[in-house]
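Working notes, beginning with the structure itself.
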Amino acid sequence: MMMSLVRALSPFIICGLLLSGCRSAASDESADILLTGGKVYTFNWDDPATDGAPAKNAPYSSGIWKPDAEAIAVRGSRIIFAGNSRDAEKYRGPQTRVIDLQGATVIPGLVDSHTHIAGLGEKQSRVDLIGVQTEEEAVARVVAFATKVPKGEWIVGRGWDEGAWANRYPTMKLLSERAPDHPVLLGGLHSFAVWGNRLAFERAKITRDTLSPAGGTIVKDRNGEPTGVLLNSATTLLTSAVPPPTDEQLKAYVLAGLNVMARDGYVAVHEAGADSRLMRAFESLAAEGKLPIRVYAMLSARDAELCRAWLAKGPKLDTIGNLTVRSVKAFYDGALGSRGAMLLADYSDKPGHRGVSGEGAGFDRKLVAEMMKGGYQVAIHAIGDAGNRETLEFIESVIAQKLEVKSNRNRIEHAQVVHPDDFNRFARSDVIASMQPPHCAEDKAWAEDRLGPERVKGAYAWRTMRRNGARLIFNSDLIGSDHNIFYGLHAAITRRDKQLQPPNGWYPEQRMTPEEAVRAYSTWAAYAAFWEKETGVIAPGRWADITVMDIDPLSVGATDPGMLLKGNIRLTMVSGKIVHSTKTSF
Ligand SMILES: [Zn+2]
C-alpha cells in the first residue's frame with residue numbers, strides 16, 4: 001500500500017525536482033557554448049618525467065592514450081566544465097549553442113612561442129609567384145591582384161624562379177602593358193633577382209645612364225636600355241624604392257598574420273622582437289578590440305628608445321585586449337647555416353672561423369640588464385655553443401646582482417648548439433629553452449658539416465635539455481619556417497622532415513614523446529608567458545582557449561606519426577570566442 005502510494009506520487013515529485021533543477025540550471029549554470037562528442041585531452045595531469053614517461057595520473061596505460069573528457073562547457077571567456085557528455089547536459093540551456101565535435105580531438109589552445117607576425121601578414125599581401133612557369137602566367141597573377149590595389153600604389157610579388165629562368169629572363173614590356181598603373185616589383189625565389197615594370201623603374205630612377213653597382217647587374221638590351229631585370233646587389237636599386245608600410249598597412253599585416261594563425265589552430269603567439277612601430281600597431285589593435293588571438297609581445301632591445309619608455313612605465317602584467325607586454329628580445333649571435341653563430345671552436349667546414357664577433361655580436365648589456373631588474377623577462381637569441389655560454393653567463397651575472405631576476409622566466413631563443421658542460425645551467429638559473437622542431441628537420445642537411453660528429457650531439461638537443469631539468473618550449477620562428485602545427489609536432493616526435501627522412505629520425509635519441517611535443521606547444525608555452533594559471537590545460541576557471549583537430553596527436557603520434565602531416569585544424573577558440581571553424585563540420 002505504502003509502496004504503491006510512493007510509486008503513484010513519485011513521478012510528480014521527480015518532475016517537480018527536475019523542473020526546479022532545470023530552471024536553476026538555465027539561469028545559473030547554462031553555458032554559452034557546449035562542445036560535445038569530442039575526444040578531449042585536458043592535459044590537466046602532471047608533467048611527464050624527463051625521459052618522457054607519462055605521469056601516474058595521466059590517461060595513459062600500456063602504451064595507449066585515452067581522452068579524459070568528451071565535453072566542454074564555456075560561459076563568457078571561461079571554461080566552466082570539462083568532463084563526460086552526461087554530466088555536460090546540465091549546462092545545456094535554451095540559449096546554449098551546442099557544437100557536436102563528431103569525434104574530433106580537443107587539446108589546450110596551441111601557442112607559437114616565437115613568431116614574426118607582420119612578416120606573415122605581409123606575405124599575404126604579396127603576389128605569390130611560386131610555381132609560375134611562364135612570364136605570361138606571372139603577369140596574369142599581377143593583373144588579377146592589381147584590381148584590389150589603388151592606382152599608383154606599389155604591387156610587390158615574389159617567387160618566380162630566377163635560376164630556372166636564367167636563359168630567358170622576363171622583360172618589363174608585357175608587365176608594363178598589362179599593369180601600367182602600379183609600380184610593380186617581383187622578387188625572385190632565391191632573392192638573387194628582381195623584375196619590375198616601367199613605372200617601378202621610373203620611381204626608382206633607374207635609366208640607361210644608371211651604372212651597375214659592384215657585385216650586381218642592371219640587365220640592358222642592345223640599345224643600352226634596362227630590360228626590367230636586376231641581378232644580385234643591383235636588386236636593391238629597385239627594392240629600396242618601395243616605401244616602408246604605413247601605420248595602417250602595418251596594422252593590416254599584423255591582423256592578416258594573426259588571422260592566419262587563428263585559422264591554423266593557434267590561440268596565441270609570442271612575438272619575438274617588436275620595435276616602436278610594431279608595438280604601436282599591436283597597442284592600437286588591442287585598444288580597438290581587434291586582436292583575434294593573444295599576443296605576448298617582446299620589446300626589441302635594438303629599439304633603445306622603446307625600451308627606455310617601457311622601463312619607465314614598467315611591464316604590463318595583465319592581458320588587456322589580448323595583449324601582454326612583459327618581455328624584451330635581444331640577439332647575441334647569428335645563424336648556423338650562414339656561419340654567423342658563435343662557436344667555442346672553429347667551424348668544422350671553415351677552419352679559423354668561429355662566427356660573428358666584435359660589433360656583430362652581443363647587445364646593449366646595460367640596457368637589457370636594467371630591463372631585467374625592472375621585472376622584464378629577457379629572451380635572447382643564441383645559436384652557437386659560445387653564444388649560449390656567454391648568454392647564460394650574462395643572465396647569471398644579472399641574477400647575481402638581483403636575485404628576483406631569476407623568477408622572470410628568462411629564455412634563450414633557439415639554444416641550438418649547447419656545450420655538454422652548459423646544459424645543466426638552464427635549470428640552475430631557471431632559463432627556458434625556446435626551440436624550433438622545424439629547424440632540426442630543415443638544418444639536418446648541413447648542421448653536421450658545420451659542427452662535426454661530436455658537437456652535433458649537443459645540437460637541437462631537446463632530450464638532453466629535458467634530462468638536465470630545463471623547461472622546454474617549441475615554436476616555428478615563422479616566417480623562416482612553416483608554422484603548421486602538424487609539421488612541428490611531426491618534427492618534434494620523429495626528427496624527420498616532411499618527406500619522412502631519415503626514416504628513423506636524425507639523432508633519434510633526442511626525440512620528444514607526443515605528449516611532450518603537445519605540451520611544448522601549449523601547456524609549457526603558457527608558463528613561458530606567465531599564463532599557466534589562466535590557460536594551458538582544459539579545466540573549469542581557465543580561459544576558454546582550445547584547439548580542435550581531426551587527428552589525435554597523442555595516439556597517432558605514438559603509433560603512426562607520419563600520419564600527423566595529414567592533420568587539419570577544425571576549430572580555434574580564444575576566450576570563448578570561435579575565431580576559426582571549418583564550416584562543413586561545425
Ligand atoms: Zn626569430
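Numbers for the structure displayed
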| item | result |
| --- | --- |
| Equivalent ellipsoid semi-axes, the stretch 63-184, via Cα gyration tensor eigenvalues times 5, rooted, Å | 52, 19, 13 |
| From the C-alpha gyration tensor of the stretch 343-412, square roots of 5λ in Å | 27, 11, 9 |
| Filter on LYS498/LYS577; LYS329/LYS577; LYS329/LYS366; LYS290/LYS373; LYS123/LYS566; LYS329/LYS406 - keep pairs with C-alpha separation over 21 Å | LYS498/LYS577; LYS329/LYS577; LYS290/LYS373; LYS123/LYS566 |
| Per-selection Kirkwood Rh - the stretch 239-333 (Cα, Å, 1 d.p.) | 13.9 |
| For the stretch 370-442: rounded, prolate or oblate by the Cα gyration tensor [a/c cutoff 1.5] | prolate |
| Anisotropy class of the stretch 453-584 from Cα gyration tensor, a/c 1.5 cut | oblate |
| Of every Cα-Cα pair in the stretch 284-362, the percent that sits beyond 18 Å | 58 |
| Nearby aspartates and glutamates by direct alpha-carbon distance to LYS350 (threshold 20 angstrom, same-chain neighbours under 8 apart not counted) | ASP333, ASP385, ASP443, GLU448, ASP449, GLU454 |
| Point-charge dipole on Cβ atoms (K/R +1, D/E -1) for the stretch 452-540, about Cα centre, debye to 20 | 300 |
| Dipole moment magnitude, nearest 20 debye, the chain about Cα centre, only Lys, Arg, Asp, Glu C-beta charged | 860 |
| Directionally averaged projected area (convex hull, Cα atoms, the stretch 255-295), nm² | 2.7 |
| Relative contact order, percent, the chain [alpha-carbon distance under 8 Å, six or more residues apart] | 16 |
| Whichever aspartates and glutamates have a C-alpha closer than 14 Å to that of LYS205, once near sequence neighbours (fewer than 8 apart) are set aside | GLU225 |
| Inter-part distance where the stretch 386-451 and the stretch 49-75 are each reduced to a Cα centre, Å | 30 |
| At least 27 Å along the helix axis (C-alpha) and Kyte average at least -0.5, DSSP helices within the chain | 2-24 |
| Of every Cα-Cα pair in the chain, the percent that sits beyond 41 Å | 33 |
| Environment charge of GLN249, counting only residues whose C-beta is closer than 10 Å and scoring Lys/Arg +1, Asp/Glu -1 | -3 |
| Bins of 10 Å from zero: percent of alpha-carbon pairs in the stretch 343-498 | 11, 38, 36, 14, 1 |
| Where N is the number of residues in the stretch 142-253, Cα Rg divided by 2.2 N^0.38 Å | 1.04 |
| Over the chain: helical MRE at 222 nm, DSSP H runs n ≥ 4 each giving -39500 (n - 2.57), nearest 500 | -9000 deg cm²/dmol |
| Positive-pole candidate from ILE206, VAL139, PRO245, dipole of the chain, charges at beta carbon | PRO245 |
| Extension gain (nm, one decimal) between ASP128 and LYS373, 0.36 nm per residue minus Cα-Cα | 83.7 nm |
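None of the figures in this text is laboratory data; all of them are computed from the coordinates on show. All of these numbers come straight from a predicted model, not from anything done at the bench. Methodologically, a virtual Cβ is constructed for each residue, glycine included, from the backbone with ideal geometry; neighbour enumeration extends over all protein chains shown.
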